[in-house]
1. Pop the C-beta distance of B:VAL174 and B:ILE112 into the FRET formula with R0 = 30 Å and round what comes out to the nearest 0.05.
2. Using a Gaussian network model of chain A whose springs link C-alpha atoms within less than 10 Å, name the residue from A:ALA360, A:ALA264, A:ALA68 with the highest mean-square fluctuation.
3. Mind checking the log10 I(q)/I(0) for the protein assembly as shown at q = 0.06, 0.07, 0.08 Å⁻¹? Debye, one equal scatterer per Cα, no solvent, two decimals.
4. Pick out which of B:GLY18, B:GLY212, B:GLY111 has the largest mean-square fluctuation in a Gaussian network model of chain B, springs linking Cα atoms closer than 10 Å.
5. Counting Lys and Arg as +1 and Asp and Glu as -1, what is the net charge of the other residues whose Cβ lies under 14 Å from the Cβ of A:ALA174?
6. Give the lysines whose C-alpha is closer than 29 Å to that of B:LYS199, dropping any in the same chain fewer than 8 places away, or say none.
7. In percent, how large is the relative contact order of segment B:120-214, given Cα pairs closer than 8 Å and 6 or more residues apart?
8. Within 10 Å of each Cβ of A:240-253, how many other protein chain Cβ atoms are there on average?
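Please treat every number below as a calculation from the coordinates, not as lab data. This structure is a prediction, so every number in the text was calculated from the model and none was measured. Heads up, the Cβs are rebuilt from the backbone with ideal geometry, glycines too, and the neighbour counts pull from every protein chain shown.
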Amino acid sequence: MRPPGEQSRAGGVVLAYAFRPFFLLVPVAAVAAVLPLPVIWTGLVGAGTVGSAAWHAHEQVFGCLAAAMAGFALTAFPSWTGTPPVTGRRLAALVLVWLAGRIAFWLDGILPASLVALADLAFLPAVFGSALPALATATRRPVDLGLVMIGVLAANVWFHMTRLGAMPGTPDAAVVLGLDLMLVAIALALGRILPVTLGAALHETGQKGPPRLSPGRRHFAAATLVLFAIADTVAPRDPVTGWIALAAACAQLDRMVELHRGAALWRPQVLLFYLAQGFMAAGLAGLGAAGLGAPFDPTGLRHLLGMGAASLTVVTVMSVVSLRHTGRGFPLPRAVWIAPALIVAATVARVAVPEIAPEAMPMLGVVLPSALWAGGFLAWLAVFGPWLLAPRVDGKPG
Amino acid sequence: MITLRARLAQALDYVWGGWGAAASLLLLVALWEAGHAAYGTLVLPSPRETFAALWRMTLDGRVWPAVVETSRNALVGFLGGVVVGGALGALAGLSDMMRRLLAPIATLMLGIPAIAWVVLSLLWFGGSGLAVVFTVLVTSAPIVFASAAEGVRSLDGALRRMARAFRVPRRVLVWDVYLPHMLSYLFPAVATALALSWKIAVMTELLSGAGGIGDGLATARVQVDTVKAMAWILVVVALLLAIEYLLLEPLRRRLLTWRRELPGAEARDMPGI
């Protein structure tokens, strides 16, 4: 409960709930993570301690996706566990820690390497630290998601240790592990999100009945993804990993059947998750085939997972959370389609061009998808940003 | 009345459910691949080698005739077993005397190991398809017998009296009361017997050299060709999976709808976002 007038009004609104500042920053991070790519690909090379690919992947996974996860988790945990949310100064501190990590990583090569590592690694522990006191007293703790996020932190530690030469492995392998674990987190989080969005979609389309989502399917999908993350790290190009990737792809496809609910499937809050699941299955299947000897470009396929599966899910979750937590009800505005459409176009270009026309890669495979991607996230900001900057429409706090 | 559209949607969902089964099987294949990496081709050929061998064998025209032969023998034996076991079981269910006469014999037959029947039928019928049919019949009949007897015996007399009091036509009585009741007893036994009949058929073929999949396996064993042996095993497994998922499971869903899901058994989840 802030005394009025102590903080500026906009600042107060933005810090009223965790999703507001972080969802405002996710698009910025998403754009920033592709901004230097055209420069790098058209000749100018980065001067940091990691290659440009690892830099870009790190910013997407541990910068952009981590901010989205933090914004989602710190917004959802209070309603799952009945604990008070992180707001005000503590939230501002978290945002600053995140920003410090991003700035430090941008200045990699200028700042001392260990300082960059410290600044970048501080964010997830800070998020845990801010949520733990409340969670310690809660009766129902989302342990599964917490464990996966600890895994993501471990992957980032590994990333920096390889960069500093203190641990075996490569930064690229560490960032791949981070993305694989993010997919697990998404698979688990969808179990909490889909009942709400599918329920709303069923209601909008006048269908009766509960959302009917089986926990068994969700756990199977998540378990195969965990197995894939482990295999992908221990033996990346082994045929065993290939089969596990194929199994994980099938488990994701299996889950999609729960969204086959007639007209409800065509509502954005369902169809976009459905598409993201499809991208995840396609990416895993492609990686599986590549592991078994098919001539696919694994880097392109990772983009199916990172852009198609992870980002599409993130954008949809951000849209739904921004809608509900600003006191609005379904349906989502029509403009919700713009950002996903651009991101899907970017994904298709990024994945298809290296397979079809490798020689056109710099323009059609990097510059074009980067522009579409940035356009998508800026479009999201244009549609939902004003909601995040304004108080709840129903006058409640948060 | 269920519309065609809803039927199609149901069918799509069922076929889509195959992805879950595929995921589970692919994990097994991953384990297989790891076993191959650990022990080499002579002990366990890699999945890809095996699939390639199976493909070559199919192109050579060796797989399909064997599948047809084994399936024919297994099916004839199985149908014989269902008719014999079902008829005797119904008798035992209707008459207490027959039950006293037949039940111990069925228990004894059930106790004789399948491999003993294989040896006996080879001695009696030689290495022919008849040996396979007989072995399958004699192993599947006691399974069906027990459930048929139990199904008939437990037919609800009160229901029959009520049906008579309400003058329910005989056709309706048989179709809507007796048949569903019998099916709930018979179906699991028949399904088990059907799956078993293929395995027994392959085993008998292997020992008798009567042709079919079992004969292919025997040849692979003599040639110490693990790849070919695995390929033949794949054929058997594929057949069993096809029977289970394309025949038995859809039937089970159709016939036993009433025992599928208990209300309230759905996800009790934490609140969402």
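1. Efficiency for this residue pair is about 0.30.
2. Taking springs between Cα atoms under 10 Å, the residue moving most is A:ALA360.
3. For the requested q values the scattering log ratios are -0.47, -0.62, -0.76.
4. Highest fluctuation of the listed residues: B:GLY18.
5. In short, -3.
6. B:LYS228
7. 43 percent
8. Rounded to a whole number, the mean comes out at 6.
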